[in-house]
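Chemist: Sharing a structure below in structure tokens format, with a few things to ask.
The values are calculated or read from the model by the stated rules, or taken from the named source; none is laboratory data. On a predicted model such as this, the values are computed, not experimentally measured, just so you know. For neighbour counting, all protein chains shown are included, and Cβ atoms are generated from backbone atoms with ideal geometry for every residue, glycine included. Surface accessibility is based on the protein's heavy atoms, side chains included, excluding ligands, DNA and RNA. Shrake-Rupley method; radii C 1.70, N 1.55, O 1.52, S 1.80 Å.
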Amino acid sequence: MTRVLTNCFVYTGDATHRCIPDAAIRIDGGHIRWIGPRGALPTGVDDEAMDCQGRVVMPGLVNTHTHGGLGLHRGVCDVGDFQAWAKVLSPHTSTLTIQDNRHGCELAVLEMLRNGITTACDCTRYGADVFSEVARTIGMRSLSGALANSPNLRSAGRPNWPLALEETKRALERRGSDPLCRFYVGAHSPYNCTPELLVEIKRAADDLGLPVVIHAAENRAEIEIVQQRHGCRPIAHLDRLGLLDSRALLAHCVWLDDDDLARLARSGAGVSHNPISNAKLAAGIAPVPAMRRLGIPVGLGTDSTLSNNSLNIFQEMKFAALMQRASSLDGSLIENRDALAMATLEGARAMGWDDEIGSLEAGKAADLIVLDLDHPLGLTAERVMSDLVYAAGPQHVRHVMVAGETVFADGRFTRVDEGEILGRIRRHYRS
Ligand SMILES: [Zn+2]
């Protein structure tokens with residue numbers, strides 16, 4: 001089936017940040033076949049035509065780090081730094097069942113799609129395939145898996161290794177060929193995993209040809225713990241154990257010294273920057289300009305609704321820019337194109353998925369969002385990019401398309417009944 005979108009202002013999100021004021025996009029199945037000025041659209045008969053009524057079209061937003069399963073616990077703890085927070089939430093998260101996980105994932109996927117997020121990297125402790133199952137049903141793309149930990153270092157809950165690996169292998173068998181689903185093998189962190197487990201996880205990931213996802217260098221206490229145990233900082237520790245390469249995705253990377261930055265840049269690893277979570281948990285401000293100057297791919301992540309408490313990449317874009325400027329007193333840091341890149345193509349690159357998603361270009365997946373943006377002076381590239389970073393939000397998202405299929409339009413999901421899902425979850429916990 002082919003479909004053509006016309007009468008739209010497109011921010012392509014490609015390497016040059018090209019904008020096309022009066023654009024047309026021809027979609028064939030799940031992919032973009034042609035994109036350019038409407039006047040140059042090659043003639044052809046399309047099965048469906050969509051008039052975007054002058055709205056803005058941009059690539060679907062990419063959330064490089066979240067924990068969908070914790071979606072039930074928004075607002076459980078809004079006070080305290082990372083250590084205090086971890087203590088408060090431990091009784092909640094260590095008793096989560098697979099069904100709780102599924103309910104949380106449903107809430108998270110609904111919220112993310114509404115907010116224009118079309119791809120997310122999800123992390124859980126049990127049920128490595130739950131997020132992907134929920135996401136593909138509602139119509140979202142995912143990189144999913146479970147973060148393993150060593151039971152002697154993390155006492156709460158049952159051990160999850162090699163369970164996480166078994167779950168991931170089963171998920172690969174079931175959904176490995178689904179274009180919406182990709183998987184990774186995960187480790188919780190350098191402080192919650194022994195060196196032996198980290199090496200085992202990396203070996204399993206390599207055997208399966210999958211990425212490794214891990215939290216790293218999130219806060220100062222972690223640096224001290226790893227330094228004390230292993231005589232080096234977390235990034236050097238991971239590097240020495242062989243975990244850093246272009247298939248690694250590291251969440252946070254707030255506390256980096258020059259040696260850490262050099263190791264990350266050499267390795268090709270991607271970083272998920274979670275500015276709001278890091279600020280809320282008093283973890284610090286990641287050296288994003290330094291990372292990006294060295295060519296380290298940096299994507300944006302929301303983290304969970306426990307530490308944020310919303311799954312909103314528009315907010316992360318704005319926050320990422322404002323935090324760098326406020327802390328450095330340098331107003332030139334994080335231009336609009338930088339924030340937009342992190343929210344789209346660079347996030348996709350950090351996840352190893354930029355061959356298919358992150359920008360609107362011929363041959364790539366048709367993952368896009370249509371926004372109701374207007375500017376009193378008219379839309380130009382500068383105004384649109386500025387609005388997307390500083391003024392836009394979920395309230396402007398009118399239409400969400402994933403792999404060429406409309407999954408959300410004018411406030412309604414097309415594949416599922418949102419009211420039914422929310423009612424079911426409400427009844428489950430309130431009865
Ligand atoms: Zn996390």
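Chemist: Just wondering, is there one or more residues in region 349-365 that are at pLDDT 95 or above, part of a helix (DSSP H, G or I) and open to solvent by 10 Å² or more (accessible area, probe 1.4 Å)?
Modeler: The answer is yes; a qualifying residue exists.
Chemist: Follow-up question, since we're still on this one. Anything in region 212-237 that is in contact with a helix residue (DSSP H, G or I) (Cβ under 8 Å, 6 or more places away or on another chain) and within 16 Å of the ligand (Cβ to nearest atom)? List them, or say none.
Modeler: Answer for region 212-237, where residues must be in contact with a helix residue (DSSP H, G or I) (Cβ under 8 Å, 6 or more places away or on another chain) and within 16 Å of the ligand (Cβ to nearest atom): 212, 214, 216, 217, 218, 219, 221, 222, 234.
Chemist: What's the total number of residues in region 270-286 that are among the β-branched types (Val, Ile, Thr) and within 15 Å of the ligand (Cβ to nearest atom)?
Modeler: Adding up the residues that qualify gives 2.
Chemist: Examine region 68-91 for a residue that is farther than 16 Å from residue 310 by Cβ, hydroxyl-bearing (Ser, Thr, Tyr) and within 13 Å of the ligand (Cβ to nearest atom), and state whether such a residue exists.
Modeler: So far as region 68-91 goes, no, none of its residues is farther than 16 Å from residue 310 by Cβ, hydroxyl-bearing (Ser, Thr, Tyr) and within 13 Å of the ligand (Cβ to nearest atom).
Chemist: I need the full set of residues from region 374-431 which are in a loop (DSSP other than H, G, I, E, B) and either open to solvent by 70 Å² or more (accessible area, probe 1.4 Å) or at positive phi (or both), in order please.
Modeler: Scanning region 374-431 gives 374, 376, 377, 378, 403, 404, 410, 411, 414, 415, 417, 431.
Chemist: Right, something else. Just to be sure I understand the filter: pairs with C-beta atoms under 9 Å, separated by 6 or more residues or on different chains, first member in region 244-257 and at positive phi, second member in a strand (DSSP E or B) and of a type in the set (Ser, Thr, Tyr). Which pairs pass?
Modeler: 252/272; 253/272
Chemist: Further question: Listed residues 101, 160; which is in a helix (DSSP H, G or I), among the polar types (S, T, N, Q) and either touching a strand residue (DSSP E or B) at 6+ places or on another chain (Cβ under 9 Å) or within 16 Å of the ligand (Cβ to nearest atom) (or both)?
Modeler: 101
Chemist: Give region 239-259 a look and list any residue that's touching a strand residue (DSSP E or B) at 6+ places or on another chain (Cβ under 7 Å) and more than 16 Å from the ligand (Cβ to nearest atom), or say none.
Modeler: If the condition is that a residue be touching a strand residue (DSSP E or B) at 6+ places or on another chain (Cβ under 7 Å) and more than 16 Å from the ligand (Cβ to nearest atom), then 243, 247 are the ones that fit.
Chemist: Please give the number of the condition residue 100 fails out of (1) of a type in the set (D, E, K, R); (2) surrounded by fewer than 20 Cβ atoms within 10 Å (Cβ to Cβ); (3) at pLDDT below 95.
Modeler: (2)
Chemist: When you scan region 253-339 for helices (runs of 4 or more DSSP H) that lie fully inside it, which ones turn up with 3 or more residues that are open to solvent by less than 10 Å² (accessible area, probe 1.4 Å) and at pLDDT 95 or above?
Modeler: Hits in region 253-339: 275-280, 313-328.
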